[in-house]
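Data block below; observations after.
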Protein chains: 2
Amino acid sequence: MTAPAVGPTLSGSARAAELRAEVTERAAASTERGVTPRLAVVVATEDESTGWYVRSLARAAGKTGVACDTVQLPTDARPALLRDTLTGLSEDPGVHGIILQTPLPPGSVAADLAGAIAPEKDVDGANPLSLGRLVAGLPAFAPATAEAVMQLLDAHAVPLSGRTVAVVGRSTVVGKPLAHLLLDRDATVTVCHSRTAELASVTRRMDVVVAAAGRPGLITAEHVRDGAVVVDVGTNATEDGALVGDVAAEEVGRKAALSPVPGGVGPITTALLLRHTVSAAAVASGH
Amino acid sequence: MTAPAVGPTLSGSARAAELRAEVTERAAASTERGVTPRLAVVVATEDESTGWYVRSLARAAGKTGVACDTVQLPTDARPALLRDTLTGLSEDPGVHGIILQTPLPPGSVAADLAGAIAPEKDVDGANPLSLGRLVAGLPAFAPATAEAVMQLLDAHAVPLSGRTVAVVGRSTVVGKPLAHLLLDRDATVTVCHSRTAELASVTRRMDVVVAAAGRPGLITAEHVRDGAVVVDVGTNATEDGALVGDVAAEEVGRKAALSPVPGGVGPITTALLLRHTVSAAAVASGH
């Protein structure tokens, strides 16, 4: 028998529900004006967990009144085909949001191809121009997962100004943009990664630790001080098909406030992709 | 009488001279092929220290065989005029590099206007697309000052992989891009700023401290551990017209290896702007 977790749980469910309610209302109003917000998801993999994710996104879209097309390309699609597909969707006035789903076939670089997504339809902030504008403090869609971390922290009223935050993981889609969103809120941000020496001694000093490395069980009790806030961005599939984060949830949950996986950052991310799509549709139709 | 500094001095002079020699050689070869590399500097200020900087850049260009045009606009130039000027230069096949000099007239946002600089001529990495590509690990010109810090560290063989680095200052032109360049080299990077609580206690733990806040004397002996490496990016004009950095040089120089101001990052930055211009000219002429 193990003791139950005692730290507060930073659920994302309530904020995700609020966002979905907002999306539902705005999508209905848009459809009433003759424009149904439409999201296109470009997929070139048969990866199981990706398939699961895309279907759950399509379901969430359906429930909120956002149309969602999955554009399935061959798993050996060449970069030119992916680029042409993204360009075509960018030029299609009936499509308001575009997502390029990873993993991609070998030879394709996501950030490079995402340059073909029109910035005004780049609802997952994947185009390098969106990223650069975000870094420069100009209006742009932020990568949804990074923005979801901020929404989760805000939903639980976690103070950030002047606080220390470790972002563990330096991916272009999460860690790096998240560092900028945190800096914009006046946090002192440390970006850690696989080459960080003595990770635990670094993260243990922090007020907030965000785990976004894609390594199950990376963050353990020794990585976290008592009373810290820990956000788990990991979505790792286990052998039996379950989803686990980057944090050893039970032991960390005993000393810190921890976001669960699933049910933390994930549902907010999905809701934000839909919100961005509705916003893109509103701009496209002059609202 | 004060004691002389005892820490090693991280001069930028030798590396800058190497870079200028490389530029001189490549510019001459390019001119021989009929293409003289040409840099255009757009200025809309009468700020004294800016004028000094632009003249010194033009002098360095002249010495290395790079043509340099200063495009002086009125100090009340509206954003549209600045944008049109940058667009015109971007379309001019005789111009290979473009710099938008700050400060700008009120109402102009540098990062926004820099979007009008063609990325292939964006030799100071100011276009948000260049910045986003840098963050995403795609080829792009890095902001010259940020790249100069890396060159200075490399010139003095300062190890970075797995080391802790504090970047003090979160500007779009230096602090933020520098954080990414350091991450690319596997450093564990902490970005500090005016809202950082107990700055000294953060920076004192670091192997390397880069001061890029624009505040004279911000980094004192108490901010730095014995034997640390300190790079001073500050270029603050004193009342009597001298140039001082962000570091209290004398007291910090007694316990750390410190880059001087002037003579540290500055000359490398200038040389890199010219190197980028020569590279842009080579690409434009198919070399």
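Relative contact order of the range A:144-266, taken over Cα pairs closer than 8 Å and 6 or more residues apart, is 23 percent.
A 1.4 Å probe run over the protein chains yields, for chain A, 42 Å² of accessible area per residue, whole-number rounding.
Quick check: net charge around A:A111, other residues with Cβ under 15 Å of its Cβ, Lys/Arg +1 and Asp/Glu -1? Net local charge, A:A111 excluded: +1. Derived scalar couplings between HN and Hα for the range B:238-245 equal 8, 4, 8, x, 7, 10, 10, x Hz in order, rounded to whole Hz, by the Karplus curve 6.51 cos²θ - 1.76 cosθ + 1.60 (θ = phi - 60°), x for Gly and Pro.
Evaluating 6.51 cos²θ - 1.76 cosθ + 1.60 at θ = phi - 60° for every residue in the range B:120-125, the Karplus couplings come out as 6, 10, 7, 5, 10, x Hz, glycine and proline recorded as x. Near A:R254, the amide H atoms lying under 5 Å from its own belong to A:V6, A:G7; only residues 5 or more places off or on other chains count, and H is placed 1.01 Å from N. Residues whose amide H comes within less than 5 Å of that of A:L243, counting only those at least five positions distant or on another chain, are A:T238 (H built at 1.01 Å from N in the peptide plane).
Solvent-accessible area assigned to carbon and sulfur over chain B amounts to 53 percent, based on a 1.4 Å probe. Taken residue by residue and averaged, Cβ atoms of other chains lying within 10 Å of the Cβ of A:158-167 number 2. Residues whose amide H lies under 5 Å from that of A:A228, counting only those 5 or more places away or on a different chain, are A:A257; hydrogens are built 1.01 Å from N in the peptide plane. Rolling a 1.4 Å probe over the protein heavy atoms leaves A:Y53 with an accessible area of roughly 60 Å². Looking at chain A, the DSSP beta bridges with both ends there are about 5 percent antiparallel.
Between B and A, roughly 2700 Å² of accessible area is buried in total, ligands, DNA and RNA not counted and the probe set to 1.4 Å. For the range A:144-266, the share of DSSP beta bridges that are antiparallel, to the nearest 5, is 10%. Residues in the range A:33-41 carry Karplus couplings, in order, of 7, x, 10, 7, x, 10, 10, 10, 10 Hz; the curve used is 6.51 cos²θ - 1.76 cosθ + 1.60 with θ = phi - 60°, and Gly or Pro positions show x. Label the protein assembly as shown by shape, choosing from rounded, prolate and oblate, from the square roots a ≥ b ≥ c of the eigenvalues of the Cα gyration tensor; if a/c is under 1.5 it is rounded, and otherwise prolate applies when a/b is larger than b/c, oblate when it is not. The shape class here is oblate.
Where does helix B:144-155 land angle-wise versus the long Cα axis of chain B, in degrees 0 to 90, nearest 10? The helix B:144-155 is inclined about 50 degrees to chain B. Take each residue in A:122-133, count the other chain C-beta atoms within 10 Å of its C-beta, and the mean is 5. For the peptide A:201-208, the mean number of other protein chain Cβ atoms found within 10 angstrom of a residue's Cβ is 1.
Only beta bridges with both residues in the protein assembly as shown are counted; by DSSP, about 10 percent of them are antiparallel. For B:K176, a cut-off of 25 angstrom between C-alpha atoms picks up these lysines, skipping any fewer than 8 places away in its own chain: A:K176, B:K121.
Neighbours of B:D154, meaning other residues whose beta-carbon lies under 10 angstrom from its beta-carbon, give a summed charge of +2 when Lys and Arg score +1 and Asp and Glu score -1. Electrostatic bookkeeping for A:D226 treats Lys and Arg as +1 and Asp and Glu as -1; over the other residues with beta carbon under 15 Å from its beta carbon, the sum is +2. Listed by chain and number, the aspartates and glutamates placed with their C-alpha closer than 13 angstrom to that of B:K63 are B:E22, B:E25; residues fewer than eight positions away on the same chain are left out. Of B:E250, A:E147, A:E32, A:E222, the order by accessible heavy-atom surface (1.4 Å probe, DNA, RNA and ligands excluded), from most exposed downward, is A:E32, A:E222, B:E250, A:E147.
All Cα-Cα separations within chain B were binned at 5 Å from zero, giving a P(r) of 1, 6, 12, 16, 18, 16, 13, 9, 5, 2, 1, 0, each value a whole percent of the pairs. Taken along the Cα-to-beta-carbon direction at a fixed 7 Å, the label points for B:L138 and B:E222 span 4.7 nm. What FRET efficiency comes out for the pair B:T238/B:V109, r = Cβ-Cβ distance, R0 = 35 Å, nearest 0.05? Efficiency at R0 = 35 Å is approximately 0.75.
Over chain B, Cα pairs under 8 Å with separation of 6+ residues give a relative contact order of 23 percent. For the pair the range A:128-160 / the range B:20-68, the C-alpha centres are spaced 39 Å from each other. Computed from Cα positions, the angle between helix A:79-91 and the longest principal axis of chain A comes to roughly 70 degrees.
The values are calculated or read from the model by the stated rules, or taken from the named source; none is laboratory data. Being a predicted model, the structure only gives us computed values, none of them experimental. Virtual Cβ from ideal backbone geometry, glycine too; neighbours counted across all protein chains shown. Just so you know, the surface numbers come from the protein's heavy atoms only, side chains and all, with ligands and any DNA or RNA stripped out. Shrake-Rupley method; radii C 1.70, N 1.55, O 1.52, S 1.80 Å.
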